[in-house]
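Reviewing the structure listed below.
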Amino acid sequence: MGNFTLEPLEEFDAVAQAHLAGVGPIDFYRTEFAKGQAALFAAVFEGKRVGSVMLRDESKPDDNRELVVVAAFAEAPRSVLFDGKRIIERMARKNGFKSLRCHTDRPGLAVQFMKAGAEAVLTWEVPHG
């Protein structure tokens, strides 16, 4: 895991823009970051920036602190996914979070996380008509 790190970013740079634009609603990500509602990190593997990760505190009133992976992108070996997961888990534990949540529409990614102990929650829109 020493080859992979998540480094905090002070600004929503062009690299994060390029990385996260293909993941989801980039305007939403930029707004959340600008309002201070989400933190942005550079994913660095072997000294090279390979991705971007956005995290947000979505703690519940019942003191069930939850850290959410809002968006993530990385161009790196598959092992980096699990290195990143462990780093985020360590960050969550250090900051008193009780759970982590990550949304994805990628079945392979969901399977990998389930194999690592995550629970899957499926949601879909009810068809109209």
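Data overview
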read-out	value
FRET efficiency, 1/(1 + (r/R0)^6) with R0 25 Å, evaluated for residue 126 and residue 64 via beta carbons	0.35
Those lysines that a straight Cα-Cα span of less than 26 Å connects to residue 115, excepting residues fewer than 8 apart in one chain	85, 94, 98
Along the chain, longest interval not containing exposed GluC sites (Glu not before Pro), exposed being DSSP loop plus at most 12 other Cβ atoms within 10 Å	76-118
Amide H within-cut-off set for residue 65, under 5 Å, with H built and near neighbours excluded	60, 98
Cα→Cβ-extended label distance, 7 Å offset, between residue 15 and residue 94, nm	2.0 nm
Over the stretch 31-75 - Rg/Rh using Cα atoms and the Kirkwood inverse-distance radius	1.10
Neighbour cut-off at most 11 other Cβ (10 Å), DSSP loop, trypsin sites (Lys or Arg not before Pro), the stretch 39-88	78
Environment charge of residue 37, counting only residues whose C-beta is closer than 10 Å and scoring Lys/Arg +1, Asp/Glu -1	-1
Orientation-averaged projected area, Cα convex hull of the stretch 80-129 (nm²)	4.6 nm²
Within the stretch 40-103, percent of DSSP bridges classed antiparallel, to nearest 5	75 percent
Principal axis dimensions, the chain - Cα atoms, whole angstrom, descending	50, 32, 31
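Just so you know, all these numbers are worked out from the coordinates, no wet-lab data involved. Remember, predicted model here, so these are calculated numbers, not experimental data. When we count neighbours, we look across all protein chains shown, and the Cβ atoms used for this are built from the backbone with ideal geometry, even at glycine.
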